[in-house]
Amino acid sequence: GNFESIHDYLMSSNDPDLVLKDFYAYVQAWEELVSVYGDRHRWGQACVHNTAESGFFSSD
């Protein structure tokens with residue numbers, strides 16, 4: 001398929017860039033994101049919280 005060369009490289013080269021090291025954590029985070037995004041109220045709360053907490057960084 002389209003990703004066969006990437007798969008082969010990662011599986012045969014000992015993953016020098018550690019792409020696969022945190023793949024399980026990535027999948028868990030993705031599942032949490034999908035869960036939260038599906039709950040409009042919870043997603044809205046997360047957006048407001050993120051915006052409020054990033055005020056220091058958003059001022060130029």
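The values are calculated or read from the model by the stated rules, or taken from the named source; none is laboratory data. This structure is a prediction, so every number in the text was calculated from the model and none was measured. Note that each Cβ is placed from the backbone with ideal geometry, even for glycine, and that neighbours are counted across all protein chains shown.
Results for (1) surrounded by 10 or more Cβ atoms within 10 Å (Cβ to Cβ); (2) not hydrophobic (A, V, I, L, M, F, W, C), shown as yes or no for each residue.
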residue: 6; (1), (2): yes, no
residue: 12; (1), (2): no, yes
residue: 17; (1), (2): no, yes
residue: 25; (1), (2): no, no
residue: 29; (1), (2): yes, no
residue: 35; (1), (2): yes, yes
residue: 40; (1), (2): no, yes
residue: 44; (1), (2): yes, yes
residue: 51; (1), (2): yes, yes
Inset, instruction - Only residues that are at pLDDT 95 or above and not hydrophobic (A, V, I, L, M, F, W, C): list them for the stretch 21-31, please. - result: 28, 31
